[in-house]
Structure formats: C-alpha cells, structure tokens
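Peer 1: Quick one: the structure is below, questions incoming.
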Amino acid sequence: MKTLVQEVIEAGGGESIKACYQCGTCTGGCPTAGEMDYTPRQIIRMVNLGMRDRVLTSSSIWLCASCYQCQVRCPRGVRIADVMAALRSIAIRDGITAAKPRAPAFYQSFLENISAYGRQFEPVLILRTIAKSREGVAAKLGFLLGMLPMGVTLLKSRKMPLRAEKVQAIEEVRRLFSNAERLEAEG
Amino acid sequence: MSQRYAYYPGCSLEASAVEYDLSTRSVLKALGVELEEIPDWSCCGASAGHAVSKSIALALPARDLAKAESMGRNVLAPCPACYKNLRYVRESLSDEEARRKVERLLEGTGLSLSGSSEVRHLLEVLAGDVGAERIAEAVTVPLEGLKVVTYYGCYITRPGGMRSFDDPVEPVSMDLLCRAVGAAVLPFTRKTRCCGAPVMMSAPEEMHRLSYEILQEAKQRGAEAVVVACPLCHHALDAAQPEIEKHHGALSMPVLYITQLLGLALGLNPFEELGLDRNVVSTEGIVKRFSKVTCSR
Ligand code: SF4
Ligand code: SF4
C-alpha cells in the first residue's frame, strides 16, 4: 500500500511536504482558513501522518482557493497549494466528494464541456454541475435559484453566451483527453 | 516599431469578460502592437485541469502553446489563469521526464512542443515590452483627478508558485500604467489578497466576504474605481457586486479593466472600442468626465 504522502507527491504535491516544521505561516496568510475544518498547517501534518480519510473528507481541500499565498511564504519550501490540488485530484479519482459536492462536480463538468466543445460554455456548465453534484433535490434547486440573479445580471449586460464557441479540430482535443487518461492509468 | 504576439484570449474573454477582450484589442492596436489570434485555440483547463489530474493540466495548454509556436510568436494572454497554465507547461519542459510526458500527451494530434514561444501576461507586455513612456506619449485625454486603487489578485503576482514578472509583495506594473495616463493611484493593502472567485462553487459566501473586504477598503480610501487585469477578479468584484451589496450594504464601486482605463486616456470610443457599457456596476460617471461620447447607441 502506498502511503498518503507518496500518493500526494505522485499527484504533483512535491517532495518538500516532508520538510514541514509546523510553523503555521501558511495558515496565517490563508484567506479561507477560518472556514476550513482543518487549517492548511494541520492538513500538511495530517498528510505526513497518513490520516487519509480525515484529509480527503475535509472541507479544507475544496475551500482552498489556490491563491498560492501559503506556498510563496513557506520557509521550508512546502508546496501547500500544490498539495491541496493533489488532494483534490485524489478525492475526485476516488469519488470522495461529500464535504462540498458542488466543487468536484463543477471541475468534472468543466472538463466534460471542454471535451464536448473544446471551449467553455457557462449555461451548460452550470446545468451539468447541478446534474452531477451529489446532493438532494432541494439543495440542487436552491443552487439553481441561487445562480439565477447572476444569470439575469449577465444577460442584462449582454455577457451571457447563448451559443457555444466550438473548436473545429475537436478530435485533437479529445485525443488529449484519451492520452491523459492512458498516462494517468499507467501511474 | 511593430510588436507581434500570438493572442490567446481564453474562454472568459468570449463570455463574461467580452469588454476585456474588446478593450485589449483596441488599446494594443492604438499602441501599434499586433495581435494574431491563435487559430482554433482550445480551453486551457483553468483550475479544473489541476483538480482532476496532472496529465490533463499539462495536455490542454500544450495544444495551444504548440499552435503558438508554429506561428513563431510569443504568446500574449490577458487572463492570469490562462497565463499561469500556459507558462506551467512551458516551464515543465525544462524537466526531461515532463518533456517526454508532454510529447506523449500530444501523440496523435500532429503537434509538438519545443518551448520556443514565451508566455506573457498582458500587463507584462504593456508595462514591459511597450512601456509606460510610450503609453504616456499616446495619451490624448489625461485622467487627471481620477483616484483609483489597483488590484492584482493571485496569478499575476503568484503564478502557481512560479516567478512573476512583477513583485509578489509590492507589484507595480499596473500602478505605473495608471500613473502614465494621469490617474492618481492610492495606497491599498489588499493588492494581492485573494478575491475568493475560485471558491464560488464550494463557498459563495466566502467569495462575497473576501471581495467585500477589497471593495470596502477601496471605498474607505476614497477610490473612484478599482482597476483589475483578471476576468475572474472582475467577475467577483463587478458582476457579483449587487449580490455582495445584499449581504454587506451599498458599495457602488466601478471596477475597470486596465485596458478600459488606458483606452479612455487614449481617446478611444468608450463603448464601441472599450465596452464600458458592459460592466455591471455603472461606469457612467467616469465616462462622462473623460469622454465626449456619452451615448452607447
Ligand atoms: S508554512 Fe510551511 S513549514 Fe510552516 S506549517 Fe505551513 S507548510 Fe509547514
Ligand atoms: S492556496 Fe489554498 S491553502 Fe494556500 S493560502 Fe491560498 S487558499 Fe489557503
């Protein structure tokens, strides 16, 4: 069995995670730490200790805004933001998404849209996210209703695309996806 | 002295950030910089690529960068997230293992990547390649008396842990550009504090809180506008401002793209060339002060 820290390194989190000395600088500068169930400092420690379930089911990995403030300040060169991204990719791969189901559904829908059109298309992105998000019907409806005012705002400013911009050579883009899948499967 | 770039607009600039695309094209044209759009470009994967797998995060921007290379040009990207992703692929090429990986990711597409094209952010081109002096010379309507704060956000100053063209703690590129066209840049402590846009899905109230803090400080300091160079920051600060106001109280703070601000000073048409009627928070007061064209249609 691979340890969690090995998995994180393979997924792009960097060897330097092992060098963390728990100073807390990362947490101090983190804009969303107050809302996380474990702070960035705690997450790094928990990864090093192999607390797989608690880390992957935490809200922290989805509340990380990838702002890189922690990473540029860490005195030990720990790539905290990259560790968070690596954890998200492991959680998505293993289907562990209950903490914040909309965020992983959004990321996956985002890529499905690229595979379909080659570019992003917001109206379909939102609908796909709602369909994919593992939450109750009431929560899905609430989400849709919550998005409506923004939709109206964007329509009024003539900024809501009504037709998808498509890549002509879409088979090239799909080839990228199948190549990436093959490489990930090889590990 | 003509400068040419392979232009990578990115998906936002075709949708919620149309005014950024329009004003970028107009301002660069006025400055004699030539943009040639990368033909049939595809999405860079934004933050979703990295969230799903390292391979897809490399593969998507690799296609665009390979296309730019065949144009024999450096890339200009106005969106800091695209800029970061394209640069990430290019800088990965210096690692032999990653280079082989990229080669395999491009298999069957007929494309190849050598790293010959550099990736530049719009601000880097404006403040560096073009330069504040040349922009100052082109000014026809100095923005005298206009008080602004500059907001850089995350990926301009911290592009995914890579080195930035600007200072990560005290960035200056946008400040220099604003001053070059006569605007007054006020001190601002939240220049590089995250706007929260990336947690829009997981915690919208967090995004609103972080954006509110930025807008509130701008207001307290007496700014008449916040100037940005990122479509995501613009979305969080401008398009979501009515939503923020519902929770935190009135703000009415215009948020302009740097190119909209520069374009006004260059005497460009505020609507047809700069899209200042597409911002959600009204820019009317500023347009009336600095342009004779006051009706959008
Ligand atoms: S800043 Fe770096 S060394 Fe300090 S706790 Fe965070 S990860 Fe560990
Ligand atoms: S990258 Fe994530 S963990 Fe690090 S400071 Fe930003 S939000 Fe916090």
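Peer 1: Can you tell me what the convex hull of the Cα atoms of the protein assembly as shown projects to on average, as an area in nm²?
Peer 2: Directional mean of the projected Cα hull area for the protein assembly as shown stands at 21.4 nm².
Peer 1: Please list, in order, the residues from the range A:102-138 whose amide nitrogen is less than 12 Å from a point placed 7 Å along the Cα→Cβ vector of A:LEU144.
Peer 2: A:127-132, A:137-138
Peer 1: For chain B, what is the charge dipole size about the Cα centre, in debye to the nearest 20, if Lys and Arg each add +1 at the Cβ and Asp and Glu each add -1 at the Cβ? Kindly include the intermediate steps, with their values, before the conclusion.
Peer 2: Values: 32 positive and 37 negative charges, 44 e Å.
Dipole about the Cα centre, nearest 20: 220 debye.
Peer 1: Which net charge results for the neighbourhood of A:GLU7, defined as the other residues with beta-carbon distances under 11 angstrom from its beta-carbon, given Lys and Arg at +1 and Asp and Glu at -1? Let's see the in-between values first.
Peer 2: Details: positive: A:LYS2, A:ARG52, A:ARG93; negative: A:GLU10, A:ASP94.
Charge balance in the 11 Å sphere: +1.
Peer 1: If you plug each phi of the range B:239-254 into the Karplus form 6.51 cos²θ - 1.76 cosθ + 1.60 with θ = phi - 60°, what whole-Hz ³J(HN,Hα) values come out, in order, with x for Gly and Pro?
Peer 2: 4, 8, 4, x, 5, 4, 4, 4, 8, 10, x, 4, 10, 6, 10, x
Peer 1: Per the 1.4 Å probe, what fraction of the accessible area of the protein assembly as shown, in percent, lies on carbon and sulfur atoms? Can you show the working numbers first?
Peer 2: Details: 9830 of 19280 Å².
Exposed carbon and sulfur together represent 51 percent of the surface.
Peer 1: Roughly how big is the range A:4-94's charge dipole about its Cα centre, with Cβ charges of +1 (Lys, Arg) and -1 (Asp, Glu), in debye to the nearest 20? Intermediate values should be presented prior to the final figure.
Peer 2: Numbers: 10 positive and 8 negative charges, 49 e Å.
The calculated dipole for the range A:4-94 is roughly 240 debye.
Peer 1: Note every residue of the range A:19-47 with a reduction of at least 30 square angstrom in accessible area, all protein chains present versus the isolated chain, computed with a 1.4 Å probe, or write none.
Peer 2: Buried-area filter returns A:PRO31, A:THR32, A:GLU35.
Peer 1: Starting from the coordinates of the alpha-carbon atoms of chain B, obtain the Kirkwood hydrodynamic radius over all distinct pairs and give the value in Å to one decimal. Mind dumping the intermediate values first?
Peer 2: Details: mean 1/r = 0.0512 Å⁻¹.
For chain B, the Kirkwood estimate is 19.5 Å.
Peer 1: Which far-off residues, 5 or more places away or on another chain, put their amide H under 5 Å from the one on B:GLU37, with H placed in the peptide plane?
Peer 2: Residues meeting the amide H criterion: B:TYR7.
Peer 1: So, one more: Report the residue, chosen from A:VAL152, A:VAL83, A:VAL72, that carries the largest GNM mean-square fluctuation when chain A is represented by alpha-carbon nodes joined by springs under 10 Å.
Peer 2: In the Gaussian network model the winner is A:VAL152.
Peer 1: Please report, in Å, the Rg and the Dmax of the range B:1-145, where both are computed over Cα atoms only.
Peer 2: 16.3, 57
Peer 1: Let me know the shape class of the range B:110-265, please: from the alpha-carbon gyration tensor, a ≥ b ≥ c as square roots of the eigenvalues, rounded when a/c is under 1.5, otherwise prolate if a/b is greater than b/c, or oblate.
Peer 2: Values: a/c = 2.06, a/b = 1.14, b/c = 1.81.
Verdict is oblate for the range B:110-265.
Peer 1: Now a separate question. Report, largest value first, the span of the C-alpha coordinates of the range B:135-214 along each principal axis, in whole Å.
Peer 2: 45, 28, 19
Peer 1: Okay, moving on. Just counting partner chain Cβ atoms within 10 Å, what average do the residues of peptide B:156-165 show around their Cβ? Could the numbers behind the result be given before it?
Peer 2: Numbers: counts 0, 3, 9, 1, 7, 9, 1, 1, 1, 0.
Rounded to a whole number, the mean comes out at 3.
Peer 1: With Kirkwood's inverse mean 1/r over C-alpha pairs for Rh, give me the Rg to Rh ratio of chain A, two decimals please. Don't skip to the answer; put the middle values down first.
Peer 2: Numbers: Rg = 18.5 Å, Rh = 18.3 Å.
Ratio of gyration radius to Kirkwood radius: 1.01.
Peer 1: Right, another one. Give the relative contact order (percent, whole number) for the range A:102-186; include only Cα pairs under 8 Å separated by 6+ residues. List each step's numbers first, then the result.
Peer 2: On the way: 63 pairs, mean separation 32.1, N = 85.
Across the range A:102-186, relative contact order equals 38 percent.
Peer 1: Taking the Cα-to-Cβ direction at B:GLU205 and at A:LYS18 and moving 7 Å from each Cα, how far apart do the two end points lie in nm?
Peer 2: Each label point is offset 7 Å from its Cα along the Cβ direction, giving 4.2 nm.
Peer 1: Give me the extension gain from A:MET51 to A:ALA98: residue separation times 0.36 nm, minus the current Cα-Cα distance, reported in nm with one decimal.
Peer 2: On the way: separation 47, 0.36 × 47 = 16.92 nm, distance 1.73 nm.
Taking 0.36 nm per residue and subtracting the Cα distance, the gain is 15.2 nm.
Peer 1: Please enumerate, by chain and number, the lysines with C-alpha under 21 Å from the C-alpha of B:LYS191, excluding those fewer than 8 residues away in the same chain.
Peer 2: Once the sequence-local lysines are set aside, what remains near B:LYS191 is B:LYS84, B:LYS147, B:LYS219.
Peer 1: Once you have the alpha carbon radius of gyration of the range A:102-186, what is it after dividing by 2.2 N^0.38 Å, with N set to its residue count? Intermediate values should be presented prior to the final figure.
Peer 2: Numbers: Rg = 15.1 Å, N = 85, 2.2 N^0.38 = 11.9 Å.
Working it through for the range A:102-186, the quotient is 1.27.
Peer 1: Further question: Averaging sequence separations of C-alpha pairs under 8 Å and six or more residues apart, then dividing by the length of chain B, give the relative contact order as a whole percent.
Peer 2: Details: 517 pairs, mean separation 54.7, N = 297.
It comes to 18 percent, rounded to a whole number.
Peer 1: Looking at chain A, which Cys residues are left with no other cysteine's beta carbon under 4.7 Å from theirs?
Peer 2: Taking the Cβ cut-off of 4.7 Å, the unpaired cysteines of chain A are A:CYS20, A:CYS23, A:CYS30, A:CYS64, A:CYS74.
Peer 1: Chains A and B: what accessible area do they bury, summed, in square angstrom to the nearest 100, with a 1.4 Å probe? Working shown, then result.
Peer 2: Numbers: alone 11260 and 13090 Å², together 19280 Å².
Result for this pair: about 5100 Å² buried.
Peer 1: Just to confirm, what accessible area per residue do you get for the range A:64-147 at 1.4 Å probe, in whole Å²? Write out the running numbers ahead of the final one.
Peer 2: On the way: 3260 Å² over 84 residues.
For the range A:64-147, the solvent-accessible area averages 39 Å² per residue.
Peer 1: How large is ³J(HN,Hα) for each residue in the range B:120-132, as worked out from phi by the Karplus curve 6.51 cos²θ - 1.76 cosθ + 1.60 (θ = phi - 60°), to whole Hz, x for Gly and Pro?
Peer 2: 10, 7, 3, 5, 5, 5, 5, 7, x, 5, 7, x, 4
Peer 1: About its Cα centre, what dipole magnitude does chain A give when the only charges are +1 on Lys and Arg Cβ and -1 on Asp and Glu Cβ, stated in debye to the nearest 20?
Peer 2: 460 debye
Peer 1: Within the set of other residues whose C-beta is less than 10 Å from the C-beta of A:TRP62, count the net charge using Lys and Arg as +1 and Asp and Glu as -1. Could you put the intermediate results ahead of the total?
Peer 2: On the way: positive: A:ARG88, A:LYS100, A:ARG102; negative: none.
Charge balance near A:TRP62 sits at +3.
Peer 1: Starting from the Cα of A:LYS18, draw a straight line to each of the lysines and keep only those under 24 Å, dropping any in the same chain fewer than 8 residues away.
Peer 2: A:LYS2, B:LYS54
Peer 1: Also, quick follow-up: In a shell of Cβ-Cβ distance under 15 Å around A:ALA19, excluding A:ALA19 itself, what net charge do Lys and Arg (+1) and Asp and Glu (-1) give?
Peer 2: Working: positive: A:LYS18, A:ARG41, A:ARG45, A:ARG73, A:ARG76, A:ARG79; negative: A:GLU15, A:ASP82.
Net of charged neighbours comes to +4.
Peer 1: Under the Karplus relation 6.51 cos²θ - 1.76 cosθ + 1.60, θ = phi - 60°, what is the ordered set of whole-Hz ³J(HN,Hα) values for the range B:69-76, x standing for Gly and Pro?
Peer 2: Ordered by residue, 3J(HN,Hα) equals 4, 5, 7, x, 10, 6, 8, 10 Hz.
The values are calculated or read from the model by the stated rules, or taken from the named source; none is laboratory data. It should be emphasised that the depicted structure is a prediction, and the values quoted were computed from it without experimental measurement. Every residue, glycine among them, receives a Cβ derived from its backbone with ideal geometry; neighbour counts consider all protein chains shown. Quick note on the areas: whole protein, heavy atoms, side chains included, nothing else; ligands and nucleic acids left out. Shrake-Rupley method; radii C 1.70, N 1.55, O 1.52, S 1.80 Å.
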